[in-house]
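Reading through the structure tokens given below for one structure.
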Amino acid sequence: MATLGEQVSGMQQMDKLVTLCKRRGFVFANAEVYSGLSGFWDYGPVGVELKRNIERFWWDYMVRSRDNVVGLDSALIGPEAVWVASGHVGAFHDALVDDKNSKERFRIDQLLYRSEEDAEAAEVYALKAIADGIDDEAVFWDGLQEQLGYFPLNPNTGKESRFTVPRHFNLMFRQGIGATGEGGQTGYLRAETCQPIFVDFDQTRVSSRQRVPFGIAQTGKAFRNEINPRNFLYRAREFSQMELEFFVRPDQLVEQLRAAQAPDAPGLHDQPGALATTMQWYDYWLGERRSYYTALGIGDELLRIHDHPPEKLAHYAQAACDIEFSFPFGWGELEGVHHRGDYDLRQHQQHSGKKFEYFDDEAQRQLVEGGMNKDEARGLATYLPNCIETSVGLDRTFLAVLTAAYDEDVQQTKHEDKEGDIRIVLRLNPRLAPFKCAVFPLSKKLSGPDSRGYGLYRELLAAGLSAEYDDVGSIGKRYRRHDEVGTPWCITYDFDSEQDDAVTIRDRDSLAQDRVPLSQVVGEIERRLKQC
Ligand code: GAP
């Protein structure tokens, strides 16, 4: 857990990010003019660009660059049966307690503890107490105090208080569909993007002619009625996820294939071979996800892996870990990597009455070649695949990217503006930046729709490079604006440009200024982008 000093400076950093997001149009509180709605956020003009760029980056990395991963874009609402089968209606709940003095409501693990381990232990203790039907406050809190060696505090006051016994709170948003009353149906806003992947598994596989191993990916909104939305975008009630469900052969079949000495054909893109176990696939995807963060521009020092102990695994998981990021408020889960076994396909097969099994004709042939009789081989080669999941929040990634990119420098502003001024700069990976470049005419005399600077701006747009034309305020102020939204290259058209047909490209990070012929600017920006 962060020390109090770290928490204070973390809060200051978070305040700076929230202020910058509002000032520059990254993120606004939802419906602020009506006092807002906790846990809901709106992305402004530059925020939506950054968010889409992050999503596109994930999609390119996970889907477009692989020929054994395909995409899906499913409805946000699903019938109750889907969410009963997935276990969410019955088991997707947190343990909540009420503070009897302040009337506040908390998840039990969000009270103030001396360590993260204590918070986790309290949650496990509470879930067990609920399952055991303990409803006596003294029995519950004395028992927890005995286990921890102290009493958890109210996180807002830092003081002891009187809490109710914990009780379940389901996080799903329920929705009546169609006519209410007779004939009306109950649906749920999806609590995760992966369930429709499992439901559509067979249609997606057949229509895309994929063979196991292969993956289905989906990005989009998810909804959870969180008890305490907090830490800005980190815990929201409406958020976006980017999930991959990758289906692999079950271990029992792999064992038999190994015994039959089937060839271990190497996988695509350095993937594990045909005889890889589910845990080998798990390790592969965990490695891929770490490489993805490096490519995204998030340094290794800002990430760590937290393995889930068996007693903390979700109801569907056989192995799981979190990729944690060092957020301003401390370490927090950014992504989960899970070995889900065949839990989800089995559940949907059982509840829908439809077959989800896959017939692996290649495995059958290899088993028969290894000496197994055809019927036995067919039985083994007809299976529900195991599934490895990588699941990351888009909004949490957005917050992580902003946290990693936010910088303030004093020295380097000397020559551009007043000495000692603090320059806020977002050192975003240029591929993620809302604008790749901005064009500044030095003077109003050089501006206007027919000017050559404006012509350059239109040329950049026509080449598919997001750009902004900015002729308002001093050059220093324009640099500041674009440093704060992470624009990597600012291009100034000055009076010399009229004579030498060249402009100055100023680099956001090095502050180097290069004179480049007007006719080569588009190519130069494209060249620089390719290097990122
Ligand atoms: N399909 C598995 C699944 O949904 P999860 O750990 O509940 O697993 C995956 O969620 C990711 O979704 C998290 O690592 C986090 O990045 C994001 N996420 C979950 N709840 C969130 C919330 N309330 N607000 C923002 N992001 C959230």
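Tell me the angle of helix 394-405 to the major Cα principal axis of the chain, expressed in degrees between 0 and 90 and rounded to the nearest ten.
40 degrees
Could you compute the FRET efficiency for PHE173 and LYS530, with r as their C-beta to C-beta distance and R0 at 56 Å, rounded to 0.05?
0.85
For a Förster distance of 51 Å, can you work out the FRET efficiency between the beta-carbons of LYS354 and LYS477, rounded to the nearest 0.05?
0.25
Between HIS269 and GLN203, what is the label-point separation in nm under the 7 Å Cα-to-beta-carbon projection?
Placing both labels 7 Å along Cα→Cβ, they lie 2.5 nm apart.
Distance cut-off 25 Å, Cα to Cα: go down the list LYS51/LYS312; LYS100/LYS159; LYS103/LYS159; LYS51/LYS436 and report the pairs above it.
Over 25 Å apart, Cα to Cα: LYS51/LYS312.
Which shape class, rounded, prolate or oblate, goes with the chain when its Cα gyration tensor gives a ≥ b ≥ c as root eigenvalues, a/c under 1.5 marks rounded, and past that a/b bigger than b/c marks prolate?
Note, shape of the chain comes out oblate.
As a test, work out the antiparallel percent of DSSP beta bridges whose residues both lie in the chain, rounded to the nearest 5.
Restricted to the chain, the bridges split so that about 85 percent are antiparallel.
Let me spell out the model: positive unit charges on the Cβ of Lys and Arg, negative unit charges on the Cβ of Asp and Glu, origin at the Cα centre of the chain. What dipole size does that give, in debye rounded to 20?
Here the size comes out at about 1280 debye.
Going 7 Å from the Cα of THR294 toward and past its Cβ, which residues in the range 246-281 have a backbone nitrogen under 11 Å from where you end up?
none
Relative contact order of the chain: what whole-number percent is it, with Cα pairs under 8 angstrom and at least 6 residues apart? Don't skip to the end; give the middle numbers.
Details: 916 pairs, mean separation 69.4, N = 532.
Reported relative contact order: 13 percent.
Could you compute the FRET efficiency for LYS221 and ASN373, with r as their C-beta to C-beta distance and R0 at 45 Å, rounded to 0.05?
0.35
Using the Karplus curve 6.51 cos²θ - 1.76 cosθ + 1.60 with θ = phi - 60°, what ³J(HN,Hα) values do you get for each residue of the range 345-354, in whole Hz, with x for Gly and Pro?
5, 5, 4, 6, 5, 5, 6, 8, x, 9
Using just the helices of the chain, give the 222 nm mean residue ellipticity in deg cm²/dmol: DSSP H runs with n ≥ 4 each add -39,500 (n - 2.57), and the total is spread over all residues, rounded to 500. Don't skip to the answer; put the middle values down first.
On the way: 18 runs with 191 residues, N = 532.
Counting only the DSSP helices, I get -10500 deg cm²/dmol.
Could you give the nm distance between label points at ASP514 and ARG452, where each point is 7 Å from its Cα heading toward the beta carbon?
Here the answer is 2.0 nm between the modelled labels.
Suppose each label sits 7 Å from its Cα in the direction of the beta carbon; what would the THR164-ALA31 distance come out to in nanometres?
Modelled inter-label distance: 2.4 nm.
Any chance you could run the full-extension gain for VAL139 through GLU117? It's 0.36 nm times the residue separation minus the Cα-Cα distance, nm to one decimal. Working shown, then result.
Numbers: separation 22, 0.36 × 22 = 7.92 nm, distance 2.19 nm.
Result: 5.7 nm gained on full extension.
Quote to one decimal, in nm, the extra length available between ASP409 and LEU76 on full extension: 0.36 nm per residue of separation minus the C-alpha distance between them.
115.5 nm is the gain from fully extending ASP409 to LEU76.
All of the numbers you see were taken from the coordinates with simple rules; none came from a lab. The model shown is predicted, which means the values in this text are computed figures rather than measured ones. Cβ sites come from the backbone with ideal geometry, for glycine too, and all protein chains shown count toward neighbours.
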